[in-house]
Amino acid sequence: METILNTLNRSQREAVEHIDGPMLILAGAGSGKTKTLTARLAYLVGAVGIDPANTLTLTFTNKAAAEMRERALSLLSSHISYPPLLCTFHKFGLLFLKFHIEKLGRSNAFVIIDSDDKKRLIRAIAKELKIDLNISFIASEISKYKNSLLSPDVVVEKAELPDYKKIAQLYVKYQANIEENNLVDFDDLLMLTYKILQENDTLRKETSERYKYIMVDEYQDTNELQFQLLELLASEHNNLCVVGDDDQSIYGWRGANIRNILEFSNNFKECKTVKLETNYRSTEPILKAANSLIEHNSTRLGKKLISHKGAGEEVKLLHSLDESMEAKAIAHAVQKLLDAGADPDEIAVLYRINALSRSLEEGFTKAGLAFKLIGGMRFYERAEIKDIISYLRVLSNPYDDFSLMRIINKPKRGIGKTSIEKLQLAAFDAKMSLFSYIEKSTQGVLPTVVSKKVTTTLMAFVENIRFLQSEMSHNLGNFITLFEERMNLKEHYASMVDGMDRILNIDEFYGYFRDAVLKNPELTLDEFLNDISLQSDQDQIEENAITIMSIHAAKGLEFEHLFVIGLEEEFFPLLGEGCNMEEERRLGYVAITRAKSDLTLCYVDSRFYKGRRKMIDKSRFLGEAGLIKDASLKITKQAAFKKGDLVKHKIFGIGRVQAANKSGKEYKLLINFGGNKKEILSSFVQSI
């Protein structure tokens, strides 16, 4: 054990040797938090003599749990006869429910449903209740309710807006259905565990006494429910050790509550705080930029990363005219690295917005560079882009039944599966393409096989196709604007949970189309589609390839050579309604600290914005990171709260924000607490 302790720096060792009482290990990027956490577990069991059965270590991913388990067991091999419990929050919930769900009057033979099963069930109930809302959006709202410990009855009582009343109705039936069939969804694993512990004081005490030493990884990513569950688990001893970094809290949009880590020492009295500030990953210039940037955040506990590596190359800036030039310049720089013997797996390009991957994919493909896209689909494989391409293929060739089938009821036109099957069969019998049969049957030339309402809808669809074909034959420049006006694809995708991302992708595609026509006025739709096919049919290469990924997906990873693109206002930071500048800055900090020794930050003069090419300003983050001197200070008018947000008040409980207005240095919120409307200053509530 002394050998293990000698491999730790002073702060790490201080954290490892702390035994009783709450402790916050504030672990900066690359500071060896996993090593510290596993060494502490080994110390408790191997040196102090704590029974492994009395420890509980919680993580967020199975991958992290497996890595930590492997490391801990390698340190403990000769000291234990059975391993300590080291798993994800949800795995712990599953194990707990297997033993105790009968306290809710349910059998432990329950079945866990995944997200697809959940959506299938929601879709069936929505059809039954005649609710025409986006299924992903409904599923996300139900998940939020459960993680905020809101029962169906409470949601029904508090729902005010028409769409939320519908979701509340659906939530009631959904929960009744899964309970009746003894099903458990992902959120239930924690919600039901919390409920059982809260309602059974004896069991709470027993469980807390069993797990006398609790450790939590990535604590900055915990939500309200996870925090309350940890409070119950540690209630008898307060031996709760959490490891995290408030500066890397980037999942607020997913429900993570940064206040959990910021207020840990207030929530758990006599808390010991240890800061891990020695960074073993990056060189001094990289950390200098990261430290300078994050210091502009006011809501943080405060720490400064110190490089163990020491001096290195200065951070480079790559300035290009537009995204095509940017992709070309990066491809050229990457090729130079490869020619010099760099490992392709040690080279990565990161972006804030998924839509920015298109120009990179195209530039790398043209340069013949093998790449892998992590944490998302390639641009041309995304559903919304495939929909547009299918429309364009039908416009180019109305006899393309495959493409027509994809878009005939998208956006929803009330053309159901039965109607489509009837049309397909009739077209087959008439030895015609599906579009030809639809056109002739709506004109009365052939008999209709669907209802009058569907026939009217199909007539409008055919009319739109023929109108757009006419327009594109003599004016391709204005065609894409007319296409969106007629087909309303953006409106269709706007209501989805990830609607903003999808609309940005659509705008990127529309802008790319307009640009292609501008560069080649003689361009035909067929030529454009052929070029797209060459881009989208590249093989997905997984080994020995450059990595392209979002910053969110890159958290926890590191690369020797790193490029970050899109360092412009409105792209990074992302601006607009609901924007949280401090979280944007934390994303910038995460991006910079992925680099080991070679970092290039890229910005352009113009980029597609909302489908049009626009001149844009370089990102304020370049100035805040101390990399450019001509960056003017920009103040962003933004609310930490927006209409529709769920918030919690110490006295009035949970409510929904109906309006947010500036009031001095903070915001005055109009909040509906179950019909009781109150105007309250934002500092007196917290987001859920």
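The values are calculated or read from the model by the stated rules, or taken from the named source; none is laboratory data. Treat the numbers as computed from the prediction; the structure is a model and nothing was measured. Backbone-built Cβ (ideal geometry, glycine too); neighbour counts: all protein chains shown. Side chains included, ligands, DNA and RNA excluded: accessible areas come from the protein's heavy atoms. Shrake-Rupley method; radii C 1.70, N 1.55, O 1.52, S 1.80 Å.
Exceedance of the 22 Å cut-off in Cα-Cα distance is limited, within the set Lys119/Lys165; Lys650/Lys678; Lys440/Lys490, to Lys440/Lys490. Highest mean packing first, where packing is the average number of other Cβ atoms within 10 Å per residue, the peptides 417-428, 54-65 line up as 54-65, 417-428. Carbon and sulfur together cover what percent of the accessible area of segment 1-155 at a 1.4 Å probe radius? That fraction is 52 percent.
When DSSP beta bridges are restricted to pairs lying wholly in the chain, around 35% turn out antiparallel. Per-residue packing, averaged as other Cβ atoms within 10 Å, sorts the ranges 21-28, 1-8 into the order 21-28, 1-8, beginning with the highest. Within the shell defined by Cβ-Cβ distances under 14 Å, the residues around Ala53 carry a net charge of -1, with Lys and Arg each +1 and Asp and Glu each -1.
Spatially, segment 79-157 and segment 188-216 are offset by 17 Å when compared through their Cα centroids.
Protection proxy ranking of 235-241, 216-222, 646-652, by the mean of other Cβ atoms within 10 Å over each peptide's residues and highest first, is 216-222, 235-241, 646-652. Pairs of alpha carbons in segment 399-489 separated by more than 20 Å make up 35% of all such pairs. Summarising the overall dimensions of segment 1-55 from its C-alpha atoms, the Rg and Dmax are 11.0, 31 angstrom. Please give the helix 284-294 orientation as an angle from the longest Cα principal axis of the chain, in degrees from 0 to 90, rounded to the nearest 10. Compared with the principal axis, the helix lies near 80 degrees. In the complete set of protein chains, residue-level accessible area for Phe563 is approximately 10 Å², probe 1.4 angstrom.
Fraction of C-alpha pairs exceeding 41 angstrom in the chain: 38 percent, rounded to a whole number.
In summary, the convex hull built on the alpha carbon positions of segment 175-255 has an orientation-averaged projected area of 6.4 nm². With coordinates expressed along the principal axes, the C-alpha atoms belonging to segment 230-336 extend over 60, 33, 26 Å, beginning with the largest. The P(r) of segment 266-413 has a tail past 28 Å containing 49 percent of all C-alpha pairs. The convex hull drawn around the Cα atoms of segment 253-297, when projected onto a plane and averaged over every direction, covers 4.9 nm².
Both radii are taken from the alpha-carbon atoms of segment 434-581; with Rh as the Kirkwood radius, Rg/Rh is 1.08.
Straight-line cross-link partners of Lys130 among the aspartates and glutamates, defined as a Cα under 13 Å from its Cα and at least 8 positions apart when in the same chain: Asp163. Our helix-only sum for the chain, with -39,500 (n - 2.57) per DSSP H run of n ≥ 4 divided by its residues, gives a mean residue ellipticity at 222 nm of -14000 deg cm²/dmol. All other residues whose Cβ lies under 9 angstrom from that of Arg281 are scored, Lys and Arg at +1 and Asp and Glu at -1, for a net of +2. Distant-in-sequence amide contacts of Ala659, defined by a placed amide H-H separation under 5 Å and a gap of 5 or more residues or a different chain, comprise Leu670.
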